[in-house]
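First up is the structure itself, then whatever we jot down about it.
Just so it is clear, none of the values below were taken in a lab; they were calculated from the coordinates. No experiment lies behind these values; they were computed from the predicted model shown. A quick note on method: Cβ atoms are made from the backbone with ideal geometry, for glycine too, and the neighbour counts reach across all protein chains shown.
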Amino acid sequence: MQTNQRFDDSRSNHRSGSSGLDEGFSNEHNRFSSSIPEVVKQFVTYLQRHIKENSVVEIHAMYENSFNKITEKYYKQSSWPPVEAISSLVGTDPLFLVLYKELYFRHIYAKMIPTLEQRLDSWKNYCEFFNLVLDSSNLDLNLPGQWLWDIIDEFIYQFQSFCQYRAKLKNRPKEELSLLQNNPQTWNVNSVINFLQSLINKSKTIHGDKESSIYRVLGYFSIIGLCRIHCLLGDYYLALKTIAPIELTAHKGLFTQVIACHITLYYYMGFIYMMMRRYADAIRTFSSILLYISRTKQYHTRSYQYDQISKKNEQMYGLLAICLSLSPQRVDENVHTLLREKYSDKMLKMQRGDEATFEELFSYACPKFVTPSSPNINLLLQESGNTQANNQQEALKVQTKLFLQEVKQQTLVPTIRSYLKLYTTIPTQKLSDFLDLDQKSFRTQLLCYKHKTRGLVWVGGPPLNGEWTFSSDVDFYLDKDMVHITDTKVQRRYSEFFIRHIHKFDEIIGDVSKDK
């Protein structure tokens, strides 16, 4: 269902067929009201009835299948009927109208370029929905987990989209700037965070099971959404701290029930670990989710989420390539094989310290960061040629600069490691000559090696927890002017490799025999 689910910023800024479709929406209301296809009328009335009856199975089927099919047939390059056009069918049902408008605006964001008025109206609709949830202690609503996740996911995406829109106001009409100036709280970062935090708090105060399912699920998904928001703002420590209540070792955790949520959580968690220089944890996180995606690939190809899964899959392979270039470690054979097919050339360049390759891969695979502050609209109204009106890339440039600074500090680490692997002892003078460094600079680089190859590694509990561990396979210590090298690499047990493949072949032979 292309209009229902996307992974954060993996959506393209281009919308097929958007030319000319983002203007004149207000003039279409009358046309829609008189020309709604019968199948659309049935969909709306049946969906309302199932929502009233809390028929989760039927709602899930209509949400994932019927909505998609109708969209492809009737609204591939136009919007769904506005709420005014369907109000005669559903009456004054505030809860259903809010949910319908959520689908309506999400479809516009997916297929067109939303106008400022539509961005404002969508914000008001989210506010209305969240207030309905927060102001009631027992809301009579039971939606599928997929839809509840999509609400949180789309809420954050539209906030991100608004921040990017607001960061490029140059040459905008004055009427549009004035409308923006008169709505300072619309998609305000504090308001967005406050809604998510309120949903989390609400889920903790509501007790029971059946009556509180929507609160529990929305609160749970809001934790992951809040982590994503903090990551987009560049606060990695707070982002990782936010997801502390989530039990990552639970194989049947709520996040595993919605594949989009599962992938989003692990993508952001892995990226945060990478930016915090916890490469072992980042590699473990990316390897885990990439292995999961590859093992369930046959199900994804039939899913409406296939394009988004593939996009995020490629991004995580890019981030994994960066992490392994900075901190070489052993990963699963299947993941390693695919990684070499995709990025073997780039990994060789990164291991040689090629900053351009690091920057290229980072820009492709990182989240699309946002600047939450609004430009000075008064100045824009006075000076239409203000060059500061377009700064949508500023947040990305800041994070890229910080990442490349870390890369520069580790430029000689792979080279030092390669020389250390050749010796058991070596004089510092000889090693410094290999590196063309004086003694003082060389000792600084040795300290850098020690510092960069030692970090926290998660062993259980909240994601921020960890034990200090040496991550490199080569360690050393200095005794006056002599470097003593210790090989910490664990010898590979080849017997396990052969036994594992024997079992795989047995399974394949067994499957072939059954088919015959």
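Rounded to the nearest 500, the 222 nm mean residue ellipticity of the chain from helices alone is -19500 deg cm²/dmol, with -39,500 (n - 2.57) taken per DSSP H run of at least 4 residues. Dipole orientation for the chain: of the candidates F476, S55, G234, F476 has the Cα lying most toward the positive pole (charges on Cβ; Lys, Arg +1; Asp, Glu -1). Taking a point 7 Å from the Cα of D481 along the Cα-to-Cβ direction, the residues of segment 420-440 with backbone N closer than 14 Å to it are 426-433, 439-440.
What is the calculated FRET efficiency for V56 to E406, with r their C-beta to C-beta distance and R₀ = 51 Å, to the nearest 0.05? Calculated value: 0.65.
Specify the angular offset, from 0 to 90 degrees and rounded to the nearest 10, of the alpha carbon long axis of helix 38-52 from the longest principal axis of the alpha carbons in the chain. Once rounded, the angle reads 70 degrees. For the chain, the Kirkwood radius over C-alpha pairs fed into Stokes-Einstein at 37 °C and 0.692 mPa s yields D = 127 µm² per second. Between T205, P37, P81, the Cα set farthest toward the positive side of the dipole of the chain (charges on each charged residue's Cβ, about the Cα centre) is that of T205.
If the segment from N188 to K450 were pulled out straight at 0.36 nm per residue, it would be longer than the present Cα-Cα gap by 90.0 nm. Relative to the longest principal axis of the Cα atoms of the chain, the long axis of helix 94-111 lies at roughly 60 degrees. Cα axis of helix 189-205 to longest principal axis of the chain: angle in degrees, 0 to 90, nearest 10? Compared with the principal axis, the helix lies near 90 degrees. Based on Cα contacts under 8 Å between residues 6+ apart, the chain shows a relative contact order of 14 percent. Between Y126, L148, N182, the Cα set farthest toward the positive side of the dipole of the chain (charges on each charged residue's Cβ, about the Cα centre) is that of L148.
Evaluated with a Cβ-only charge set (Lys, Arg +1; Asp, Glu -1), the chain carries a dipole of roughly 920 debye about its Cα centre, given to the nearest 20.
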